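Notes for the one structure printed next.
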Amino acid sequence: MTAATYTKRAGEEFAKRLTELGIAVDDDPAALGRRAALAVAAEQTWESELEGLLTSAEARLLLGGVSREALRKQAAGGRVLALRDDRGRVRYPAWQFDGDTGAAHAIVREIAKRFRKAELSPWTMAAFCVAAQPELGGESPATAWRTGDYDEAEILLAADRAVAELTR
């Protein structure tokens, strides 16, 4: 598909979807197009920054083929981190699952307790888990628990500090 054909088709689908949603567009079309492109880029950037997001089916498979209800209960209980996007889709960061067993790392639940108690969003927790932390020598918590370079207490200390800073 040529770039011109791609752009034309994307524009047609964009206009069709806006009409289906009943959204009247009074904005400058160029400004609207720029905002739409930024929204798409933001979603892809988040997925890249969070080191991959799994669908419900993929997460259930990793957890040994559990049911949708079982996965939902694990997410509700904080044992698995679930992220709901702007379209209502629920995605699961891949780094929370053990590469050998498929089970969610137990520390995810401990970190989730701290972020939930402070009423911080799951997205904030996810960002913390992939960001370099000073207590971990500049490693992210997700890297620290995967490599075993730091113990749980050190990772939770970083979580406590981050929560304290975010709730000041």
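In the set Q96, Q74, which member is under 30 Å from R168 (Cα atoms) and in contact with a Leu (Cβ under 7 Å, 6 or more places away or on another chain)? From the options Q96, Q74, the qualifying one is Q96.
Of A70, A39, A75, all but one fail to be hydrophobic (A, V, I, L, M, F, W, C), modelled with pLDDT of 75 or more, part of a helix (DSSP H, G or I) and over 19 Å from S121 (Cα atoms); the exception is A70.
You will find that of D151, D160, the residue that is farther than 25 Å from S56 by Cβ and touching a residue at least 40 places away in the same chain (Cβ under 8 Å) is D160 and no other. Of the residues R87, R114, R161, the single one that is modelled with pLDDT under 95 and among the basic types (K, R) is R87. Here no helices (runs of 4 or more DSSP H) wholly within region 98-150 include at least 2 residues being out of contact with any Ser or Thr (no Cβ under 6 Å at 6 or more places or on another chain) and on the phi > 0 side of the Ramachandran plot. Exactly one residue out of L81, L71, L54 is touching a residue at least 40 places away in the same chain (Cβ under 8 Å) and over 25 Å from T167 (Cβ atoms): that is L54.
Taking the options A104, A132, A142, name whichever one is in contact (Cβ under 8 Å) with a residue 60 or more places away in the chain and either under 20 Å from G52 (Cβ atoms) or not assigned by TED's automatic domain parsing to the domain that holds G64 (or both).
After applying the criteria, what remains is A142.
When you look at W95, is it touching a His at 6+ places or on another chain (Cβ under 7 Å) and either surrounded by 14 or more Cβ atoms within 10 Å (Cβ to Cβ) or not assigned by TED's automatic domain parsing to the domain that holds V66 (or both), yes or no? No; evaluated as a whole, the condition is false for this residue.
The values are calculated or read from the model by the stated rules, or taken from the named source; none is laboratory data. Computed from a prediction, not measured in an experiment: that's the story for all the values here. We place every Cβ from the backbone using ideal geometry, glycine too, and count neighbours over all the protein chains shown.
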